[in-house]
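The values are calculated or read from the model by the stated rules, or taken from the named source; none is laboratory data. These figures come from a predicted structure and were not determined experimentally. Glycine gets a Cβ as well: all are built from the backbone with ideal geometry, and neighbour counts include every protein chain shown. For the accessible areas, the whole protein counts, side chains as well, though only heavy atoms, and no ligand, DNA or RNA atoms are used. Shrake-Rupley method; radii C 1.70, N 1.55, O 1.52, S 1.80 Å.
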Amino acid sequence: RLLRVPYRRRGQLAALAIAAVVIIVGVPLWWRTTETYRAWLPVSQIKELAYMQLQLSADVEVVFARGTVTPEQQKKVPLTQTQDEEHTVDEDTALRYRYETRYRTATVMEEDALNKPTAAEADLSLHMLSESPCGSLVVYVIPESSSLLAQDVDVYIGQRRTAFLRIGAQMRAVRTLEQLLAHLDPQLKQVLQVMSFSHSDIIAALSDRVRLSPGTKESMADSMRAFKSSPGYEITFSLLNPDPKSHRLHWDIEGAVQTYIQPLLTKLAPVANFSIDSQTLYYAMLGVNPRFDSSRGAYTLNSDSLAHVINPVEARLGSNAASSNPVLNFLLYVPDAHHSPLYIHDHKKQEVASNAFHSPRWGGIMVYNVNSFYGAEAELPVDVNINMAKVMGVFLAQLRLLLGVQSSSPPPGFLVAPCGTAGLADWELDRLMWSRSVENVATATTTITSLAQLLDQIGNIVINDNIAVQVSNAVTSLQLAVAELEAGNLGFALQYSKEAILASERAFFDPSLLHLLYFPDDQKFAIYIPLFLPMCVPILLSLLKILSETRQKRREKQAKRD
């Protein structure tokens, strides 16, 4: 019995030592080495961004020409007024529009410019005097006797950020400046609706965040037609020649792009980056057989069949796998000799003047007939030089629509100047930049808040430092974009919003965030139980045995004492 006691004591000490090592060293070491690394994220700032309260500020300058204000009224200018409009879109989105209007009289050089024979020349002269900053407007109030505008025109909107507003006869009867400004206010609001952002444009830009009502969707046809905001776009021009045996087509696409398309893309450089390519596809047929109209002696494509044209042709176009940017497709289709001439009809069975159509968020197709080149003695294939001015005029109009440049009809009494060689007026660019800035802010906010909710719900996802940096950059850029919109700095707001959407998408689509790369809890138990159970059972039984013997000894000692 004396020999058994040391061995039993030794076993108890060994069991206690092993248990102590497992509990003190093994468990913390295992917990630390298997812990999921999660870098710090600005969760509180992300929660603040979830409630989006945007303020858009626009600077408006109203300049009174000679003969529009009385000497008494002129004493009260310059004058500055601020107007706010608040709109609650839903419980998480609120909008505020602030218009800061400054009233002043025209300078001597501006008066000379307003004496030009035409409004277009006056617009150019005023632009040469001073260029208005991005997002601002200048409205010149001219007398009723001015020859700048025709008799049936009350407001002229130029190519820049300038408008001419003719003062009416009823306004000359007012005595105080306050009454004059009250009479001008409705027309100024109409000018702002045309040249600056409108509430419908901003709501359309928030379509990913705000659920539109059925009545609103019908009025958002332009926004649904346009591509979503993206840092870059791919533009592809394709010439479809289904019958190369009958005609040999020649198109100067490079020169046409430089002449007609590149000026527009250069002006749109603050909005996105563009890349252009072209291709010629032979034996590319339409997916729909046109019908022959004997009354007109031509083949026709009805509006109902246009939707079936795109899919068969799209399979031949190919795609740029190296880029994730949206692709705008512009197809020039030259019918074969057996289906020529070919005309597109609208839903009223009338010929479309441009003989072209476009598909929302995809591109456009134009049919170019060459049947006039086929003479009685013509040798096949016939050489055909395509009129690129006619083709690019159609593609340029479709490109404007697909990029979100609104072409709504102006109110009665308004005359809008042609956009010129650039294909885009300065105020049209501003309207697009307002919409794109708000859309980028809304998209980046939705992406960041969704990512934060995902990471909060799934604790097994590793948050690396680079993801935390991207999230922090996105939050910072969003805050700066919102601040610049509130200050009216449209150019900076668009730039920060683009940075925010890029950083948010890089964080959201990071490959390390894939949940399938990490084991859920049930798989962890399936792996750890076979590893730890054989080791823990003997230790646990030994500890229970030691505890039982200790209690037995205490009872024996207590019995002896009693």
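Checking ALA353 against (1) farther than 20 Å from GLY287 by Cα; (2) touching a residue at least 12 places away in the same chain (Cβ under 8 Å); (3) out of contact with any helix residue (DSSP H, G or I) (no Cβ under 6 Å at 6 or more places or on another chain); (4) not acidic (Asp, Glu), which test does it fail?
(2) is the only condition that ALA353 fails.
Against the definition (β-branched (Val, Ile, Thr) and either buried (at least 20 other Cβ atoms within 10 Å of the Cβ) or within 22 Å of TYR233 (Cβ to Cβ) (or both)), how does ILE386 come out, yes or no?
It is false that ILE386 is β-branched (Val, Ile, Thr) and either buried (at least 20 other Cβ atoms within 10 Å of the Cβ) or within 22 Å of TYR233 (Cβ to Cβ) (or both).
Quick check, is THR107 touching a strand residue (DSSP E or B) at 6+ places or on another chain (Cβ under 8 Å) and among the polar types (S, T, N, Q)?
No: the conditions fail for THR107.
Can you say whether LEU342 is crowded, with 19+ Cβ neighbours inside 10 Å and in contact (Cβ under 8 Å) with a residue 60 or more places away in the chain, as far as the supplied structure shows?
Spelling it out, it is not the case that LEU342 is crowded, with 19+ Cβ neighbours inside 10 Å and in contact (Cβ under 8 Å) with a residue 60 or more places away in the chain.
Go through the stretch 173-187 and give me each residue that's part of a helix (DSSP H, G or I) and more than 45 Å from the chain's Cα centre (by Cα). Even if it seems obvious, please write down each step before you answer.
Step one: list which residues in the stretch 173-187 are part of a helix (DSSP H, G or I), which gives 173, 177-187.
Hit for the stretch 173-187 is ALA173, nothing else.
All but one of (1) at pLDDT 90 or above; (2) open to solvent by less than 50 Å² (accessible area, probe 1.4 Å) hold for GLN262; state the number of the condition that does not hold.
So the condition that GLN262 fails would be (2).
Output the number of the condition that VAL153 fails; it satisfies all remaining conditions of (1) open to solvent by less than 30 Å² (accessible area, probe 1.4 Å); (2) closer than 30 Å to VAL438 by Cβ.
(2)
If VAL313 satisfies every condition in (1) within 34 Å of the chain's Cα centre (by Cα); (2) loosely packed, with under 15 Cβ neighbours inside 10 Å; (3) closer than 21 Å to LEU281 by Cβ but one, which is the exception?
(2)
Quick one: would you say LEU547 is outside the structural domain of GLN457 (by the TED database), open to solvent by 90 Å² or more (accessible area, probe 1.4 Å), hydrophobic (A, V, I, L, M, F, W, C) and under 21 Å from ILE18 (Cβ atoms)?
Here the answer is no, as LEU547 does not meet what is asked.
Output yes when any residue across the stretch 215-226 is modelled with pLDDT under 90, more than 30 Å from LEU137 (Cα to Cα) and either open to solvent by 60 Å² or more (accessible area, probe 1.4 Å) or not acidic (Asp, Glu) (or both), and no when none is.
Scanning the stretch 215-226 turns up at least one residue that is modelled with pLDDT under 90, more than 30 Å from LEU137 (Cα to Cα) and either open to solvent by 60 Å² or more (accessible area, probe 1.4 Å) or not acidic (Asp, Glu) (or both).
Does ALA120 satisfy being among the small types (Gly, Ala, Ser), open to solvent by less than 80 Å² (accessible area, probe 1.4 Å), in contact (Cβ under 8 Å) with a residue 60 or more places away in the chain and outside any helix (DSSP H, G or I)? Let's see the steps before the verdict.
Details: among the small types (Gly, Ala, Ser): yes; open to solvent by less than 80 Å² (accessible area, probe 1.4 Å): yes; in contact (Cβ under 8 Å) with a residue 60 or more places away in the chain: yes; outside any helix (DSSP H, G or I): no.
Taking the combined requirement at face value, the residue does not satisfy it.
Looking only at the stretch 299-310, count how many residues are at pLDDT 85 or above and crowded, with 18+ Cβ neighbours inside 10 Å.
Here the count works out to 2.
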